Amino acid sequence: MIRVVIADDQTLMRDGLQTIIDLQQDMEVVGAAEDGEQACELVRTLRPDLVLMDIRMPKLSGIESAKRIRKECPETAVLILTTFAEDEYIIEALAGGAVGYLLKDLPAQKIVESIRDAVKGQLMMPASIAAKLAARLAFLTGAPAEVLDPGRLRHEGIRFTDREKKVILLLLEGLSNREIAGTLFMSEGTVKNYISVIYQKIGTNDRAKALLLLQGMMKDAQAADADG
């Protein structure tokens, strides 16, 4: 059973998330906090598997709470769930120990699946967030522009099989490996193998950078089709 603490200063959001989570057979909400300090206290007391954490909260922000939980209770995963998609928040949250960054406009089932995957150690973020993160990291680290240039891959003649293209499209929709497996009627292990091959072709093992490159390649391909 996955034990979850919800931390959000909006009562309606806390209640809604609790209803969604408690409907799942493999998880339960063991506590709810309305500010960051209360969230940290609940984690110390209850030792949940995961905290679903908002960013902006009274007393202590979600980012500061994540840092404190990472230090005091490293066995508890912190999954950010917020309305804010600013680059600074994403970087700070992940650097502070969060295992993922989700937006509140996601479907309820996607949030539930993300909780399951986050507890297993997967880094969780929608494609849009991953692209923002990759672009920000490239800027901060001073990576050469051509490293993240989709056009470079096109000029190098990188090609994907039809099956790889289907996997890529689902990756760009933000689906997890498990969801891709279900959609394409294949095992999760097979999906991981396809993703490994795709990463090898584009020259990166970083999911965020891979998504950014793949998005650019898809835009290039669509533009080429339109011109043709």
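Considering only residues that are of a type in the set (A, V, I, L, M, F, W, C) and under 13 Å from residue 69 (Cβ atoms), which ones fall in region 5-59? Passing the criteria: 5, 7, 33, 39, 40, 42, 43, 46, 50, 51, 52, 53. Answer yes if at least one residue in region 180-202 is in contact with a Ser or Thr (Cβ under 7 Å, 6 or more places away or on another chain) and modelled with pLDDT under 85, and no otherwise. Checked region 180-202: no residue is in contact with a Ser or Thr (Cβ under 7 Å, 6 or more places away or on another chain) and modelled with pLDDT under 85.
Looking only at region 3-24, which residues are part of a loop (DSSP other than H, G, I, E, B) and of a type in the set (S, T, N, Q)? Within region 3-24, 10, 24 qualify. Within region 137-179, if we keep just the residues that are under 20 Å from the mean Cα position of the chain (by Cα) and not in a helix (DSSP H, G or I), the residue that is modelled with the highest pLDDT turns out to be 176. The residues in region 184-206 that are in a helix (DSSP H, G or I) and farther than 16 Å from residue 114 by Cα can be counted, and the count is 15.
Within region 6-48, the residues that satisfy the criterion of being under 16 Å from residue 80 (Cα atoms), crowded, with 18+ Cβ neighbours inside 10 Å and touching a residue at least 60 places away in the same chain (Cβ under 8 Å) are 8, 17, 21.
Scanning region 72-88 for residues that are surrounded by 15 or more Cβ atoms within 10 Å (Cβ to Cβ), more than 13 Å from residue 47 (Cα to Cα) and at pLDDT 75 or above turns up 79, 80, 81, 82, 84.
As for region 120-135, it holds no residue that is outside the structural domain of residue 76 (by TED's automatic domain parsing), on the phi > 0 side of the Ramachandran plot, of a type outside the set (Phe, Trp, Tyr) and modelled with pLDDT under 85. Is it true that some residue in region 55-71 is surrounded by fewer than 16 Cβ atoms within 10 Å (Cβ to Cβ) and at positive phi? Scanning region 55-71, I find at least one residue that is surrounded by fewer than 16 Cβ atoms within 10 Å (Cβ to Cβ) and at positive phi, so the answer is yes.
The values are calculated or read from the model by the stated rules, or taken from the named source; none is laboratory data. Everything numeric in this text was worked out from a predicted model, so none of it was measured. A quick note on method: Cβ atoms are made from the backbone with ideal geometry, for glycine too, and the neighbour counts reach across all protein chains shown.
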